[in-house]
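Shown next, in structure tokens, is the structure this report addresses.
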Amino acid sequence: MAERLQKVIAQAGVASRRKAEKMITAGQVTVNGKRITELGTKVEPSDKIEVNGVPIEKETLHTYLFYKPRGVISSVKDDKGRKTVVDYFEDVPYRLYPVGRLDYDTSGLLLMTNDGELANKLMHPRNEVPKVYVAKIKGLLSPEDIHSLTHGVRIDGRKSAPAKLKILKTDEKKNTQIVQLTIHEGHYHQVKRMFEAVHHFVEKLSREKYAFLTLKSLTSGEYRELTHEEVSRLNHLSD
Ligand code: URA
């Protein structure tokens, strides 16, 4: 994937993005032996970049499986100073960002990566990665609700794609249910809005599975790096 030259230099840890821009305009940077002073220039991973005649070491690609706790924001920084998913990766020397989002009050499986190409692939609607959620909902689902949820409900004038649903637990006294929902879409508040469409409020939500990946052996707030095999399987999901 082509990236802006200043970004690649910054990612390699040579200098901040601002400083990298100054180095480019000052003529200190060459790409494949050619001096580049234009800031918008894009480079490919195969391009040879030198700063003051010294080749930069490009960041290697890493992807982690993170068990996001509830009460954490799925972004790199937050204007309101809330804890972000990146705060959990202080000991990791790569610039990771989340693949998609989980709501502030949703917990569960979130991939964190510095591999832009993989992230784009996974988030592309065409690729329809299956995701399994477990929701605690208010009220009990009727057979009609189940039919609607599995065949598609209207959200903002658009029909949701078919979903799989399994009732894991019913508490008649408390009038709540624990429901497993498997979907392929990833629109904003997708699960909450699907239940809302059949008049059930989601009290608690967690993502248990993403494609073939599960939270196995992790507890809330923990992460592990994906194996080469797992990354390769993710890369080939869309083939
Ligand atoms: N659907 C939601 O409503 N929230 C999430 O965090 C993920 C899916």
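The values are calculated or read from the model by the stated rules, or taken from the named source; none is laboratory data. A quick note: this is a predicted structure, and the numbers were derived from the prediction, not measured. Neighbour counts are summed over all protein chains in view; Cβ atoms, including those assigned to glycine, are modelled from backbone coordinates with ideal geometry. Surface areas here come from the heavy atoms of the whole protein model, side chains and all, with no ligands, DNA or RNA. Shrake-Rupley method; radii C 1.70, N 1.55, O 1.52, S 1.80 Å.
Rounded to the nearest 20, the Cβ-based charge dipole of the chain about its Cα centre (Lys and Arg +1, Asp and Glu -1) stands at 500 debye. Once the C-beta distance of residue 17 and residue 164 is scaled by a Förster radius of 25 Å, the resulting FRET efficiency is 0.05 to the nearest 0.05. First check a/c for the chain, with a ≥ b ≥ c the square roots of the eigenvalues of its C-alpha gyration tensor; if it is under 1.5, answer rounded, and if not, answer prolate when a/b is larger than b/c or oblate otherwise. Since a/c reaches 1.5 and a/b is larger than b/c, the shape of the chain is classed as prolate. Which pairs break 25 Å Cα to Cα here: 7/216; 19/58; 166/209; 164/216; 159/209; 19/68? Correct reply: 7/216; 19/68.
Distance between the 7 Å Cα→Cβ label points at residue 187 and residue 204: 2.8 nm. Loop sites by DSSP among the GluC sites (Glu not before Pro) of the chain, restricted to those with at most 16 other Cβ atoms within 10 angstrom, leave 129-171 as the longest stretch without any of them.
Taking a point 7 Å out from the Cα of residue 70 in the direction of its Cβ, the residues of segment 142-184 whose backbone N falls within less than 18 Å of it are 168-171, 174-181.
Over segment 3-55, the pair-distance histogram of Cα-Cα distances with 5 Å bins from zero comes to 4, 24, 40, 27, 4 percent, rounded to whole numbers. In summary, the aspartates and glutamates within cross-link reach of residue 138, defined as a Cα separation below 12 angstrom excluding same-chain residues under 8 places away, comprise 171, 172, 196, 203.
Residues in the chain average 57 Å² of solvent-accessible surface per residue, probe 1.4 Å, ligands and nucleic acids excluded. The residue among 52, 197, 25 whose Cα reaches farthest toward the positive pole of the charge dipole of the chain, with charges on the beta-carbon of Lys, Arg, Asp and Glu, is 197.
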